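Since the structure comes first, as C-alpha cells, the remarks are kept for the end.
The values are calculated or read from the model by the stated rules, or taken from the named source; none is laboratory data. Everything quoted here is computed from the prediction, not taken from an experiment. Here the Cβ positions follow ideal geometry from the backbone for every residue, glycine too, while neighbour counts run over all protein chains shown. Note: areas computed on protein heavy atoms with side chains; ligands, DNA, RNA excluded. Shrake-Rupley method; radii C 1.70, N 1.55, O 1.52, S 1.80 Å.
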Amino acid sequence: MILDYPTLKIIWWLLVGVLLVGFAIMDGHDMGVGTLLPFVGQNDEERRVVINTVGPHWDGNQVWFITGGGAIFAAWPIVYATAFSGFYWAMLAVLWALFFRPVGFDYRSKIHNAAWRSTWDWGLFIGGAVPPLIFGVAFGNLLQGVPFHFDDTLVSHYTGSFWGLLNPFALLAGVVSTAMITFHGAIYLAHRTEGDIQRRSITAALIFGTLMLVGFTAAGLWIANGGFGYAITSAVDTAALPNPLAKTVELQPGAWLANYGKAPLTMLVPALGYVGGIAALLLVWKGRTLAAFVASSFAIVGVIGTAGVSMFPFVMPSSTVPGASLTVWDAVSSHRTLGIMFWATLIFMPIIVAYTSWAYSVMAGKVTAAYIRENEHSAY
C-alpha cells in the first residue's frame, strides 16, 4: 500500500507528536526524579535509593530524545534547520545540562566523599530541571510566533535574541512544562520507594500537580485573550512540494482556538490534560501510585497535545514575516522519504515498545535502603 503525500504529511505530524509525548513520559519521569533528588533524599543513603529508581534505565529512555530530534530532522528538515539555528543557545543549554546526567549517574557514588556526592546530586538536579524548563519556553515561543524569515534562496534568518525567548508567556509555559515533568517523576518515585521517601514524593506530587493544572489554565486563558494566533488566508495545495512561501498568513488574535470550533472532538485533548492531572492527584493521594502514573501519562498527552491541536497545521509560525510560517503542508521532506520512514517506524516502533515494557517488568518493585546496603559496590 502506497500512501498519498497529504496523508503522509498528517501521519508524520502525528508521529512527531507521539515521539515528543514518548520522550516526556519515559525520559520525563527520569528528569522529574533528578529534579527532586536533593529534596526528597535527606541523606546519602536516601539519595542513592532515589537515584537507583531510575539508574538502570535512564539512558535507554534518553533514546526518545535522540529519536525525536532525528525524526524532526528527517521529516521536517526546514523546521529543524530554522528552529535549531534560532534556538541555538537554548539548545546548547539543554545539552550542557544533559552532560551532567551520565557522569552524575556513573561517578557519583564512586568516591566516599560528601562534597563530591553532593556536587553530583546538584548536577543531576540541573540535568533534570533545565531541559523541561527550556522545552516549555520553546513551546511558549512557538505559540507566539518566532522572529524569522527566508531569503530568496530559502535560507532562514533568525532575527531574535536568546533573552527575547524569555518573555512572560514563554516563562509561564516553562513553568507548566517543569511542573508537569516533576509531577510525573514524583509519582514514579512514590511508586518505586517506601517510607519517608515515598511520603515526601507524594507531597511533591500534590504540589507540582496542582501547579501544573493552575499553570495550564493560566496559559489557556492567556492564549484566548493574549492577542496571538495565526491563520492561513490563501488556498493551500496539500499535495504540493515543500515551499513555505507559497501561501499568505495573517496574525489573528484567538486563532489558536479556531480548530476547536471546526472540530469539537478536539476539545477532548485539553480535557484529557485536566482529567488525567486531577485523577493522578487523587490517586497518588490515595496511595495508588501505579494508576496515578498512568493518569499522569495521560495528562502529559493532553497538555502537549493541546499545543499541537491548537497550532495545527502550523509547526513554527513566523512573527516577523507570517507568510514564511512553517506548516505541516510545506515544511516536510519528499513523498518517498516520508514513506520509507513511515514503514521503518511501523516495523521498529513495536519492537522498541515491547523491549521497553519487558525491561520495566524485570526492574519492577521497590528500591529500598536494604537493597543499597546489600549492593554497596554495584548500585549507583
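Structure data summary
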read-out	value
Under 5 Å, built H, 5+ apart or other chain: amide partners of Val315	Leu326, Thr327, Val328
Crossing angle, helix 114-144 versus the chain [Cα axis fit, 0-90 degrees, rounded to tens]	20
Fully extended contour minus Cα-Cα distance, from Tyr107 to Ser85, at 0.36 nm per residue	4.6 nm
Using θ = phi - 60° and Karplus 6.51 cos²θ - 1.76 cosθ + 1.60, couplings along segment 208-223 (whole Hz; Gly, Pro as x)	6, x, 5, 4, 4, 5, 5, x, 4, 5, 4, 5, x, 5, 5, 5
Cβ-Cβ FRET estimate between Ile10 and Met363, R0 fixed at 41 Å, reported to 0.05	0.65
Length released on extending from Val294 to Leu257, taking residue separation times 0.36 nm less the Cα-Cα span	10.5 nm
Rel. contact order, % - alpha carbon contacts under 8 angstrom, at least six apart, segment 284-330	23
Rg(Cα)/(2.2 N^0.38 Å) for segment 131-213, N = residue count	1.53
Inter-site label distance for Trp122 and Thr159 at 7 Å from Cα along Cβ, in nm	4.2
Rounded accessible area of Ile278 (nearest 10 Å², 1.4 Å probe)	90
Nearest 10 degrees, 0 to 90: helix 5-40 Cα axis against the chain principal axis	30
Relative contact order (%) - criterion: Cα under 8 Å, at least six apart; region: segment 1-140	31
Gained length - Thr238 relative to Ile352, 0.36 nm times residue gap less alpha-carbon distance	37.9 nm
On Cα atoms only, tilt of 88-107 relative to the major axis of the chain in degrees	20
Charged-residue dipole, Cβ positions (Lys, Arg, Asp, Glu), the chain about Cα centre, Debye nearest 20	600
Heavy atoms of Lys286: accessible area, 1.4 Å probe, square angstrom to 10	150
Normalised contact order of the chain, rounded percent, pairs of Cα under 8 Å and 6 or more residues apart	23
In Hz, Karplus ³J(HN,Hα) per residue of segment 331-343 (6.51, -1.76, 1.60; θ = phi - 60°; x = Gly, Pro)	10, 9, 7, 5, 4, 5, 4, 4, x, 4, 5, 4, 5
Inter-label distance for Ala224 and Ala114, nm, one decimal - labels placed 7 Å from Cα along Cα-to-Cβ	5.3
For Arg101, net neighbour charge (Lys/Arg +1, Asp/Glu -1) across residues whose Cβ lies under 13 Å away	-4
